[in-house]
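Below is one structure, written out as structure tokens; the observations come after it.
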Amino acid sequence: MMKKIILPALAICIASCSSDKETDAEDLINIAPKITTSELQIEEHSPEGTSIGAIAFHDDNKDDKLTISTESDAFFIDEVTGEITVGSNAILDFESTQKITLPVSVFDGTAITEKNIDLSLVDIEEYNALSLEQKELADYFKYLALWEDSNNLTSIQKWGAPMKIFLDGDITVEYRATVQGVLDEYNALFNLGDFSISLVDNLTDSNAHLYFGTTDTIENLWPDMFEIIDGKTYNGYAMTRAVNNKSNNSRIWISSSIASLFKHELGHALGLGHSNKCDTENSFMCSTISANNDFLEAEKDIIRYLYHADMTPGTTVEEINNAVGNLILLN
């Protein structure tokens with residue numbers, strides 16, 4: 001009787017112990033987390049803090065605590081929810097990049113799953129995204145770069161290579177220093193591209209010829225310019241040649257040693273027309289110049305944008321608003 005009672009109990013015990021061990025083994029098997037999102041969209045030029053959306057991720061091990069992260073310094077990701085927001089270092093420019101790759105990883109405490117998420121940029125009308133003040137700057141850029149005061153150009157014209165100026169005429173040590181000072185001011189504004197202006201010692205090495213002298217001295221030097229300035233009240237004049245909207249040669253006449261006059265004529269040679277900010281503001285591009293005329297702060301930005309590496313010679317009337325708007329938003 002004793003054996004008949006003990007053996008079934010032993011069998012039950014063995015079976016029970018075997019079942020507990022199998023359950024423990026299943027609990028020890030870790031399944032790597034999964035990332036199911038592949039692509040998100042964001043409008044170009046979206047400001048810092050803009051939400052792009054959340055990355056979907058999960059783990060079949062229900063009790064695992066998941067954290068998601070990215071090594072990108074241009075975007076921030078909430079480690080719990082997976083929401084992505086635009087960071088301070090993000091450059092969202094559809095014109096240069098239509099898609100950004102964002103590497104993300106999910107960690108469940110044991111395993112890491114990595115995946116590249118495509119952030120597709122949505123093109124916008126940059127001019128419409130500008131503030132009122134920024135639109136005023138863009139409008140003034142167009143006014144100067146398209147010479148709206150007189151010629152109403154259909155596209156912008158700018159130098160495609162560095163300008164090298166040869167000084168000629170009644171050049172004193174003092175005036176050479178004045179010219180160099182003006183060039184230093186201009187060159188400080190060409191910090192968004194590779195354009196520059198320098199002085200050279202002979203005409204052969206130059207692509208811009210500055211002559212200091214009276215009106216009558218221009219008659220034999222540049223007869224075509226003399227026909228324009230003869231009998232007029234001009235104190236300076238600039239004529240610039242261009243091929244495919246890329247300026248490649250300038251002739252500048254100056255008859256006064258004030259720095260603002262050279263700054264003005266050089267502005268013409270660089271591709272700027274006359275200003276309409278002359279009644280209450282003394283723009284350096286006013287048609288009448290005195291020693292009080294100088295760069296306005298907005299004009300410094302305009303020169304930077306005009307000679308930005310991304311501002312293409314030949315940018316048309318139809319393209320210019322968004323072209324300069326893009327630079328304003330990026331800079």
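The values are calculated or read from the model by the stated rules, or taken from the named source; none is laboratory data. Quick caveat: nothing in here was measured; it's all calculated off a predicted structure. Neighbour counts run over all protein chains shown; Cβ positions are idealised from the backbone, glycine included.
Within segment 103-138, take every residue that is surrounded by fewer than 17 Cβ atoms within 10 Å (Cβ to Cβ) and among the acidic types (Asp, Glu) and give me the one that is farthest from ASP60 (Cα to Cα).
GLU136
Any idea which of (1) buried (at least 18 other Cβ atoms within 10 Å of the Cβ); (2) closer than 18 Å to SER257 by Cβ; (3) among the polar types (S, T, N, Q) is the one GLN180 doesn't satisfy?
Every listed condition holds for GLN180 apart from (1).
Modelled with pLDDT of 95 or more, touching an Asp or Glu at 6+ places or on another chain (Cβ under 9 Å) and among the hydrophobic types (A, V, I, L, M, F, W, C): is that true of ILE42 in this structure?
Working: modelled with pLDDT of 95 or more: yes; touching an Asp or Glu at 6+ places or on another chain (Cβ under 9 Å): no; among the hydrophobic types (A, V, I, L, M, F, W, C): yes.
Here the answer is no, as ILE42 does not meet what is asked.
Being surrounded by 15 or more Cβ atoms within 10 Å (Cβ to Cβ) and under 30 Å from GLU318 (Cβ atoms) is true for just one of PHE190, PHE226, PHE166, PHE212. Which residue is that?
Working: PHE226 fails: under 30 Å from GLU318 (Cβ atoms); PHE166 fails: under 30 Å from GLU318 (Cβ atoms); PHE212 fails: under 30 Å from GLU318 (Cβ atoms).
Checking each option against the conditions leaves just PHE190.
Is it the case that segment 267-285 has a residue that's hydroxyl-bearing (Ser, Thr, Tyr) and surrounded by fewer than 19 Cβ atoms within 10 Å (Cβ to Cβ)? I'd like the intermediate steps shown before the answer.
Initially, segment 267-285 is screened for residues hydroxyl-bearing (Ser, Thr, Tyr), giving 275, 280, 283.
Adding the requirement that they be surrounded by fewer than 19 Cβ atoms within 10 Å (Cβ to Cβ) leaves 280.
Taking every residue of segment 267-285 in turn, at least one turns out to be hydroxyl-bearing (Ser, Thr, Tyr) and surrounded by fewer than 19 Cβ atoms within 10 Å (Cβ to Cβ).
When you look at THR280, is it of a type in the set (Ser, Thr, Tyr) and either modelled with pLDDT of 95 or more or not assigned by TED's automatic domain parsing to the domain that holds ASN187 (or both), yes or no? Talk me through it step by step, then tell me what you get.
Details: of a type in the set (Ser, Thr, Tyr): yes; either modelled with pLDDT of 95 or more or not assigned by TED's automatic domain parsing to the domain that holds ASN187 (or both): no.
It is false that THR280 is of a type in the set (Ser, Thr, Tyr) and either modelled with pLDDT of 95 or more or not assigned by TED's automatic domain parsing to the domain that holds ASN187 (or both).
Give LEU121, LEU144 a once-over and let me know the one that is closer than 30 Å to SER287 by Cα and either outside any loop (DSSP other than H, G, I, E, B) or in contact with a Lys or Arg (Cβ under 9 Å, 6 or more places away or on another chain) (or both). Walk me through how you get there before you give the answer.
Values: LEU121 fails: closer than 30 Å to SER287 by Cα.
The unique qualifying residue is LEU144.
Could you check LEU330 against (1) under 22 Å from LYS135 (Cα atoms); (2) at pLDDT 95 or above and say which number it fails?
Just one mismatch for LEU330, condition (2).
Show me the strands (runs of 3 or more DSSP E) found entirely inside segment 190-303 where at least 3 residues are more than 31 Å from the chain's Cα centre (by Cα) and closer than 17 Å to MET163 by Cα.
Details: elements: 197-200, 208-212, 236-243, 246-254.
Of the strands (runs of 3 or more DSSP E) lying wholly inside segment 190-303, those with at least 3 residues that are more than 31 Å from the chain's Cα centre (by Cα) and closer than 17 Å to MET163 by Cα span 208-212, 246-254.
Counting only residues that are under 16 Å from ILE84 (Cα atoms) and either surrounded by 15 or more Cβ atoms within 10 Å (Cβ to Cβ) or among the hydrophobic types (A, V, I, L, M, F, W, C) (or both), how many does segment 29-42 have? Give the derivation first.
Let us first name the residues in segment 29-42 that are under 16 Å from ILE84 (Cα atoms), namely 35-42.
Right, trim to either surrounded by 15 or more Cβ atoms within 10 Å (Cβ to Cβ) or among the hydrophobic types (A, V, I, L, M, F, W, C) (or both) and you get 35, 37, 40, 42.
Number of matching residues: 4.
Enumerate the pairs (first residue in segment 28-45 and part of a loop (DSSP other than H, G, I, E, B); second residue anywhere and among the hydroxyl-bearing types (Ser, Thr, Tyr) and surrounded by 14 or more Cβ atoms within 10 Å (Cβ to Cβ)) with beta-carbon separation below 8 Å, excluding pairs fewer than 6 apart on the same chain, so at least 6 apart or on different chains.
Cβ pairs passing all conditions: ALA32/THR113; PRO33/THR113.
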